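S.K.: Please read through the structure below; I'll follow up with questions.
Values in this text are rule-based calculations from the coordinates and carry no lab data. Fair warning: this is a prediction, and the values are worked out from it, not measured in the lab. No Cβ is skipped: glycine too gets one built from the backbone with ideal geometry, and neighbour counts run over all protein chains shown.
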Amino acid sequence: HVLTLPFIARADQAANPVAVKLLQLMASKQSNLCVAADVTSASQLISLAESTGPYVCVFKTHIDIVEDFSPQLIQDLLAVAQKHNFLLMEDRKFSDIGHTVSLQYSKGIHNISSWADLVTVHSVPGEGVITGLKSAVPNLQRGCFIVIEMSSAGNLTTSSYITLSTLSKWLSYECVVTASMEICEKHPDFVAGVVCQSPNIVQNPGLVQLTPGVSLDCLNDGPLGQQYHSPEDIIMSRGADIAVVGRGITQATDPIQAAQEYRAKLWAVYEKRVSS
Ligand code: 5FU
C-alpha cells in the first residue's frame, strides 16, 4: 500500500523528475516538513529560508505578497535553497485557460518558471491548465501539484457528509477527484503530486501528497477559515506525505526551534506509518 511504502522506494516509481528528486531528498534529509513562507518582505523571506532551511524538504512561497520584490531576491533564494538542500514551491494555484497560465508562469516580474521547482494548480479549468503550464517549460525540470481538496472551512471539495440527502453533492465530489486524478495520470511527466486532505486519493506511489492545515497549538484561525490538525492526524489519518506548516513556525517565538519540533514530530509519525 502506498501509505506504508518508504519514500525512497516511491522515488523509483515517480515519473516526474522533480518528484524523484523530492522523494530522494525527503529520505536523505529525513524531513517531510514544508514551511509556508507567508511573509511580506524580501529580508523576512531570506531569513526564514536560512533559519528553517536545514529542516525542510520544501520551502513554499506566495511570491506576490512580497512588497519589495526584486530579481535579486530570487538569486538569494536559489542560493539558500542550494545551500540547505530544499526545493522551492510557488503556491500560485494557477486556475485559468492554458494560454493565460503559460504567460502567468513564465512572464511578468516574478518569472515563476525560471526558479520554482514546483507550482500548485487548480484542476477546475480542466486539462488545458496543465498543457498550458507544460508548454512554458519544454526543457526545464519542473513539476506541479494539483489542488484537489482545500483545508478551509466551507470549501466546496469536501466529502465529509455522505448521507442520502447529500448524495448528489458526494457524487459530484467523486467526479472532481476522479477527473483530477485522470489529469494526473495523463501528465506523469509534469505532475509531481496532489494537494488534498483525505487518504486514498493518491493510489500511485510515484505521486506525492501535500497537505496544509497543520498546527501543534491551534484548531483554526477564526473567521479566516483555516482548519488545523495534528501531525499524527495529518500523516496517519489523512495520508499526507508532506505537511505544510505556516504560522505554526513563522509566528512562533523561536521559529528555528519550532521548525525542529515540527520536523521531528512529523518524521516520527511517518516512520510509524511505514513500519505499521
Ligand atoms: F491548498 C491549500 C490549502 O488547501 N490550504 C492552505 O492553507 C494551501 N494552503 C496554504 O498553506 C496557504 O496558502 C498557506 O500558505 C499555507 C497554510 O498556512 P498556515 O499559516 O499554516 O495556516
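S.K.: Please name whichever of LEU22, GLN197, LEU88 sits farthest to the positive end of the charge dipole of the chain, dipole taken about the Cα centre and charges placed at Cβ: Lys and Arg +1, Asp and Glu -1.
M.R.: Toward the positive end, the furthest listed residue is LEU22.
S.K.: Label ASP68 and THR253 with points 7 Å out from Cα along Cα→Cβ: what is the distance between them in nm?
M.R.: With each label placed 7 Å out from Cα toward Cβ, I get 2.8 nm.
S.K.: Which value, in debye to the nearest 20, gives the size of the charge dipole of the chain about its Cα centre, when Lys and Arg are +1 and Asp and Glu are -1 at the Cβ?
M.R.: Dipole magnitude for the chain comes out near 440 debye.
S.K.: So, one more: With charges set only on the Cβ (+1 for Lys and Arg, -1 for Asp and Glu), what does the dipole of segment 28-117 come to about its Cα centre, in debye to the nearest 20?
M.R.: Dipole magnitude for segment 28-117 comes out near 280 debye.
S.K.: Related question: So if each residue of separation counts as 0.36 nm, and I subtract the Cα-Cα distance between GLU50 and GLU271, what length gain in nm does that give?
M.R.: That works out to 76.9 nm of additional length.
S.K.: Give me the extension gain from LEU219 to LEU156: residue separation times 0.36 nm, minus the current Cα-Cα distance, reported in nm with one decimal.
M.R.: Working: separation 63, 0.36 × 63 = 22.68 nm, distance 1.99 nm.
So the extension gain works out to 20.7 nm.
S.K.: Follow-up question, since we're still on this one. Please compute P(r) over all alpha-carbon pairs of the chain, binned at 5 Å starting from zero, and give each bin as a whole-number percent.
M.R.: 1, 6, 13, 18, 20, 19, 14, 7, 2, 1, 0, 0
S.K.: On to the next question. State which entries of LYS60/LYS186; LYS21/LYS93; LYS29/LYS60; LYS134/LYS265; LYS21/LYS265 exceed 28 angstrom in Cα-Cα distance in the structure shown.
M.R.: LYS134/LYS265
S.K.: Also: Under 10 Å, Cα contacts only: if you run a Gaussian network model on the chain, which one of GLY206, GLY246, GLY108 comes out with the highest mean-square fluctuation?
M.R.: Of GLY206, GLY246, GLY108, the most mobile in the Gaussian network model is GLY108.
S.K.: Please compute one quarter of the surface area of the Cα convex hull for segment 90-132 and express it in square nanometres. Don't jump to the answer; show the numbers that get you there.
M.R.: Numbers: hull surface 10.4 nm².
With the hull built on Cα positions only, its mean projection is 2.6 nm².
S.K.: Please quote Rg/Rh for segment 1-159 to two decimal places, taking the Kirkwood radius as Rh and restricting both calculations to Cα atoms. Intermediate results must be reported in sequence, preceding the final value.
M.R.: On the way: Rg = 15.9 Å, Rh = 16.6 Å.
Using Cα coordinates only, the ratio equals 0.96.
S.K.: Tell me which of VAL101, SER123, ALA9 sits at the most positive position along the dipole axis of the chain, charges placed on C-beta atoms (Lys, Arg +1; Asp, Glu -1).
M.R.: ALA9
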